[in-house]
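Novice: Structure incoming, see below.
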């Protein structure tokens, strides 16, 4: 199986091009009357569309290099430049065999999880297939990638870490007692939430438990971490902020307890 790097290495090299000096011919190919063209530098033609009503911007067009001292970019003799209106289709893929519940992109790869139990990696440029894994045994609700590892959560109650280059298994954990609805990783910790009403923090190196909280009273549908705080949303109608750090400590009069709400020493009550 080819790696992502191998696939990218096979593509023609993209060379820099002088947008002020290179003369090109603009071809507008989506008009009923056929192709319409005009010549100018790249920047001149780009600027001609600045402020144009999106409805008037061509949705099927390309630039063709007609005079340049540098190698052309893209297919031979053509410089591709997107002029599509916002929201217009770039590509689509039908690689899954069921409902797609989660998508995430990083570094030119789109990862998706589906009711077909698969996680699929596709090229963000054109949606072409790169790899898939069938490591889960049920619906994949959530997928996330960071630092070359793809994390996914499923109705099989597992969180799985897979190699982003080929989808091979790195580790898995079954710390939840019900379907895993959301996964997120930051700073070596994988956070997951579940229908078992828990948020769990696990070590990103091996999936071992760091802490868990049961502050919600219903399934926890979403989890996210930033700046030492784990945020989660639940079917109980609440958003909860909990401490994410592995160790308790005192900061600005607040006693921070991992996996719990903020507790203030000055007021003796709970925040949030």
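The values are calculated or read from the model by the stated rules, or taken from the named source; none is laboratory data. Please read all numbers here as calculations on a predicted model, not as lab measurements. Counting neighbours? That spans all protein chains shown, and the Cβs are built from the backbone with ideal geometry, glycine included.
Novice: Condition first: at pLDDT 95 or above and not in a strand (DSSP E or B). Can you find one or more residues in segment 216-226 that meet it?
Specialist: Filtering segment 216-226 for residues at pLDDT 95 or above gives 218-224.
Keeping just the survivors that are not in a strand (DSSP E or B) gives 218-219.
Yes: one or more hits.
Novice: Working only within segment 157-181, note down all residues that are within 10 Å of residue 135 (Cα to Cα) and either surrounded by fewer than 19 Cβ atoms within 10 Å (Cβ to Cβ) or at pLDDT below 95 (or both).
Specialist: Scanning segment 157-181 gives 168, 169, 172.
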